[in-house]
Amino acid sequence: MIKKVNVKTIQKYKDNKEKFSVLTAYDYSTAKYLDEAGIDIILIGDSLAMVALGYETTHSVGVEEMSIFTKAVSKGVQRAMVVTDMPFLSYHTDIPSAVKNCGEMIKFGANAVKIEGFSDYILDVISRLTETGIPVMGHLGFTPQFLNTLGGYKIQGKTKEAAEEILKQAKSLEQAGVFSIVLEMVPQNSARYITENLTVPTISCGAGKYCDAQVLVSDDVFGKFSDFKPKFARKYGDMKSLILDCAKRFNEDVKSGKFPSDDEIF
Ligand code: KIV
């Protein structure tokens, strides 16, 4: 029987100094292949706003869309832990609606949720969620839902003081009950310092090699999304060319009458 990755597995990775992997997925078949490949956490990131829905920022996606993608991804996964990124405004207004919206994702098949940022209110949300039985992944450093208040895509935690501040926030998140924390666009040395001073694992999203895990957007990894490529992303394939090639050949075969063949008809 396949042993599902859960919060205890993730903590064990940190305790044993074993790295783990996180990739995003937004559909059933991609999730199935990532799971088969041994990815430990599959994140339904709100990055889907840009890479799957063509919006400019993550702000435009809502609970309803995240529910649809959560249902699709969780159906494809047997081993990995499935985490849904809670979209902008889905947990910010009040605690009852935060619990309800996050709880819906668990009902649709997620095993945990991710929420961005740090404040007394966010700490209360995390405590209430974990009390309700909903594991929470935190997200600090550059937090895309705060793009407008942060003043753009800016590296966070550059100075000793700024790194101390992120560590302070991370420790509060840890106390409130998160099982892991994404550190996004934090210099490697700051992320190392933060990671070494936390009990829960850190997940690097452009925060260097000393974090306990690495996350990337799968469309960047596959070379599928081509509108922009973050400096920290690594392209392992060229899915854009593959799709273009397949579509062009199909187009030609249809127009020249080569498709369908005698084997492809009833
Ligand atoms: O939305 C997303 O995909 C993310 C990860 C890349 C951390 O938040």
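Summary of values
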| item | result |
| --- | --- |
| Test: residue in the range 140-152 that is assigned to a strand (DSSP E or B), within 19 Å of the chain's Cα centre (by Cα) and under 29 Å from E56 (Cα atoms) | yes |
| Filtered residue count, the range 170-202, keeping only those that are under 21 Å from L150 (Cα atoms) and buried (at least 21 other Cβ atoms within 10 Å of the Cβ) | 11 |
| Evaluation of V113 against (1) under 28 Å from T9 (Cα atoms); (2) in contact with a Pro (Cβ under 8 Å, 6 or more places away or on another chain); (3) part of a helix (DSSP H, G or I) (one fails), failing number | (3) |
| Which numbered condition S127 misses (of (1) part of a loop (DSSP other than H, G, I, E, B); (2) hydroxyl-bearing (S, T, Y); (3) away from the ligand (no atom under 16 Å from the Cβ)) | (1) |
| Qualifying residue in the range 27-41 (condition: polar (S, T, N, Q), modelled with pLDDT of 95 or more and closer than 27 Å to L198 by Cα) | no |
| Some residue of the range 184-192 being among the β-branched types (V, I, T) and either under 21 Å from V113 (Cα atoms) or away from the ligand (no atom under 15 Å from the Cβ) (or both) | no |
| Residue in the range 73-89 that is of a type in the set (A, V, I, L, M, F, W, C) and in contact with a Gly (Cβ under 7 Å, 6 or more places away or on another chain) present | yes |
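A quick yes/no check of all residues on (1) under 23 Å from I181 (Cα atoms); (2) surrounded by fewer than 22 Cβ atoms within 10 Å (Cβ to Cβ); (3) assigned by TED's automatic domain parsing to the domain that holds F88; (4) among the aromatic types (F, W, Y):
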| residue | (1), (2), (3), (4) |
| --- | --- |
| K12 | yes, yes, yes, no |
| A25 | yes, no, yes, no |
| T30 | no, yes, yes, no |
| L34 | yes, no, yes, no |
| I42 | yes, no, yes, no |
| D46 | yes, no, yes, no |
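The values are calculated or read from the model by the stated rules, or taken from the named source; none is laboratory data. All values reported here derive from a predicted model rather than from experimental measurement. Cβ sites come from the backbone with ideal geometry, for glycine too, and all protein chains shown count toward neighbours.
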